[in-house]
Every structure is written in C-alpha cells, then in structure tokens.
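Written below as structure tokens is the structure these notes are about.
The values are calculated or read from the model by the stated rules, or taken from the named source; none is laboratory data. Treat the numbers as computed from the prediction; the structure is a model and nothing was measured. No Cβ is skipped: glycine too gets one built from the backbone with ideal geometry, and neighbour counts run over all protein chains shown. All accessible areas refer to the heavy atoms of the entire protein, side chains included, with ligands and DNA or RNA removed. Shrake-Rupley method; radii C 1.70, N 1.55, O 1.52, S 1.80 Å.
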Amino acid sequence: MNWAELIGGLGIGSLLTSIVTNFMSRRAVTSDRWYQEKRDAYIGLLGAIHDAAVSPSDEKSKAYALWQMRCDIFGSRDVSKYAQKFAETNDGPRSAREEVFLFAHKIHARRFKKVATTAEPVSYRLVFLQFLRTVISMTEPASIYSTRLIVFDRNISDTQNIILSQGKYALIAMCDKIFQLYEYLRAYTQLMDTYIHPDIPQTLSEICLHQGIASSILFNDSEKTSKENTHTYNLRMERFKYVKNFCAAQNVTVNILSDKAVRNRLVHIDEYLAKQLSKPNTGWFIDSAVAFRDQFAAQNGAELQFCRSFIASEEIILHFDKEISTRKLWEEACAVLAVVFGEQQNKQLLAPSHSRQSLPPLQDQK
C-alpha cells in the first residue's frame, strides 16, 4: 500500500482534522504549562517582596533575586523590567520610586480596560503590579509628625531625611555643648587650674555622645558588619555618599568626625572602659576639666590616663589613647551644618583661661 492509497483510505478531511486537533492539544498543554510557570513566578516574587519588606535580610534579598530570575524567564517584559527597577530604587530618590509607581498605575488602567472589554481573565501581571504599588508605598513612613524640620530634601527618601536629620541635630547639640563648656570654663571660679563647675562632667559626656551619634549617621563608611542587614547597610552607604558629595563640592575637610577609631571609642565606651580599666598600676581622670595634662601625678608612681577629660591649655578632649581638638571639632561641625543642611552657627568660641596664659577681659576678646 502506497501513501496515496493510505491517504485516500483515511480521507483527507479526517487526516487534516487529526493534525489540527493534535496541534491544538499540544499548544494548549504548552500554553497552560507556561501560564502555570508565570503564575508561580509572580506569586513567588510577591511573597519575596513581602518578606523583604517585613524583615529585610541577606537571605530575603537572595530569595527576591531567585524569584526575579524566574520572572525574567517566564514573565512578561514589563514585570521583568520593573521588578529590577523596584529592586534598584527601593531606597533611592523618591522620584525614582514614583516612576515605578506611575508605571504600575498605567499598566493597571490599561490592563483593566482590556479585561473589561474582552472578558479576559485577570492576569497575574496585574496582580503583581498592584502589589508592587502597595509595597512601594509601604517602604516609606505613612506619615511624619515633628515640631522639628525632619524632611529637608525631597530628592531623597523620607527614611533618609529622618535619619540624616538625627545626624544634623546631633551636630547642633554637640556645638551647643562645646560652647557651653567654654562658657563654664571662663565664667566659673577655678581651683588651682582645675575647673569645678558641677555641670562640666555631664557636658563632656554629652559632647562625646553627640559626636559619636553624628559620626555614625553621617560619616560611617565601614565594611558591612555581621549584625547589619543589606537594607540597613545600603542606607548607611547612601547617607555617607550624600554627605561626602556636599562636603567635597565646598572643599570641606572632615577629619575628626570621620575618624573611625575615635568613633568606636565614643560609641562603644563600655567595651573600651572594661578593657582599659583592667590595666595594672593606672590612675584615671574621668569627665573632668583641668588646665594641663601634667599638673597632677598619680600616687605610688601609677600611670595617669584620661577618659573624656578636657585639657584647657590645649583645647582638647583626651579619651583613652585619642586626642580630640574641640575647636577643630566645632569648626568641622559648623561647616557640615552649613553645606549639607543650610544651618549657620553664629557663636564664637573664646579660649579658656589658665595660670600659664594671660588673657584680656572677656569684652576685649575678639
């Protein structure tokens, strides 16, 4: 039997019907499988976004990247593109996130119109983009209430505005306390080059506290720590670059506030005290102000060390093995407040008096 007789026996119509039926069946199976993969990819990505928003971590970021890759393979071009855009701009400028938000809104309107006119089942792309809009809005505070100016730059996120403002007010508080310290040193009675105003210890403590806070928020470019998740690290590095760019544009040099060793000794003072106080045959000056570092000697030949103690003749705070120039610290803080936040400090520091220096009366000093 040849092919012509076989085709004639089956009938050309039946043969074509079988071919078409087989083709449509295979196509339906392929389409259904593709739909299932796309649905699973979108639902998985939604879950990854939710998990990352609720509790950010390296593990959650990797899970998001995995589901994003599946969306690249099985999802639409729009979803793939803006899933990546969302990941890149999650902590970026508000304008970038609003671009993603606006796109999701347009897709929603266009897709809803198509569904209404064609009675087509709602796709998982629409569900994803609706959820994306929700998550974008969730990554920022719903509202902010404060008697202070908290949001000062609309080109960065509200979150960064709030955190940066904490650095700004730490600098302002530090400058106020430095000025207050100098006033105490000049106005209060000395006792043999020892400054005995009762508020000096607390003032020294607050200067160092606010210096540590400002340094950590504005000038910390350290490596990512094991206790720091990716979200927090990215925010920290973004803040560092933000402040650095403003300072570089105005040639502002920040050596003390950016000193990692000094910052660690201020922020982790409990750890350093536990270590330093265990040194044998060592005496300590703590939260005190004296004219000279050599004006006292510890008993029994012990070595004398300092913790947050001010040396008036040198205008420095001695803190363990570090020296912090209060005048230079003041100047750095004033410069950063001016170029980054637009805040001007109009006060002037007048050097404290001591027995080895003859100063004119207060009203004559300029």
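Condition check ((1) within 23 Å of VAL243 (Cβ to Cβ); (2) within 15 Å of the chain's Cα centre (by Cα)) across all residues:
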site: LEU149; (1), (2): yes, no
site: ARG154; (1), (2): yes, no
site: ASP158; (1), (2): yes, yes
site: ILE162; (1), (2): yes, yes
site: LEU171; (1), (2): yes, no
site: ILE178; (1), (2): yes, no
site: TYR184; (1), (2): no, no
Any idea which residue in region 303-349 is nearest to ILE213 (Cα to Cα), counting only those that are surrounded by 16 or more Cβ atoms within 10 Å (Cβ to Cβ) and hydroxyl-bearing (Ser, Thr, Tyr)? THR326
Selected residue (only one of ASN251, ASN220 is part of a loop (DSSP other than H, G, I, E, B), on the phi > 0 side of the Ramachandran plot and modelled with pLDDT of 95 or more): ASN251
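Name every residue in region 233-258 that is hydroxyl-bearing (Ser, Thr, Tyr) and either open to solvent by less than 50 Å² (accessible area, probe 1.4 Å) or within 20 Å of ASP153 (Cβ to Cβ) (or both), in order of residue number.
Taking region 233-258 and keeping what is hydroxyl-bearing (Ser, Thr, Tyr), we get 233, 242, 253, 258.
TYR242, SER258 - these are the residues of region 233-258 that are hydroxyl-bearing (Ser, Thr, Tyr) and either open to solvent by less than 50 Å² (accessible area, probe 1.4 Å) or within 20 Å of ASP153 (Cβ to Cβ) (or both).
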Quick one: how many residues across region 266-302 are closer than 24 Å to PHE219 by Cβ and either open to solvent by 40 Å² or more (accessible area, probe 1.4 Å) or at pLDDT below 95 (or both)? 6
Looking at LEU129, is it surrounded by 15 or more Cβ atoms within 10 Å (Cβ to Cβ) and modelled with pLDDT of 90 or more? no
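Limited to region 150-179, what total is found for residues that are among the small types (Gly, Ala, Ser), in contact with an Asp or Glu (Cβ under 9 Å, 6 or more places away or on another chain) and open to solvent by less than 10 Å² (accessible area, probe 1.4 Å)?
Step one: of region 150-179, the residues among the small types (Gly, Ala, Ser) are 157, 165, 167, 170, 173.
If we keep only those that are in contact with an Asp or Glu (Cβ under 9 Å, 6 or more places away or on another chain) as well, we get 157, 173.
With the extra rule that they be open to solvent by less than 10 Å² (accessible area, probe 1.4 Å), the set shrinks to 157.
The total comes to 1.
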Can you give me the number of residues within region 135-184 that are in a helix (DSSP H, G or I), farther than 30 Å from PHE310 by Cβ and without any contact (Cβ under 8 Å) to a residue 60 or more places away in the chain? 4
LEU66: at pLDDT 75 or above, within 23 Å of THR230 (Cα to Cα) and not β-branched (Val, Ile, Thr), yes or no? yes
Got a sec? Which strands (runs of 3 or more DSSP E) wholly within region 290-348 have at least 2 residues that are over 19 Å from TYR184 (Cβ atoms)? 303-307, 322-325
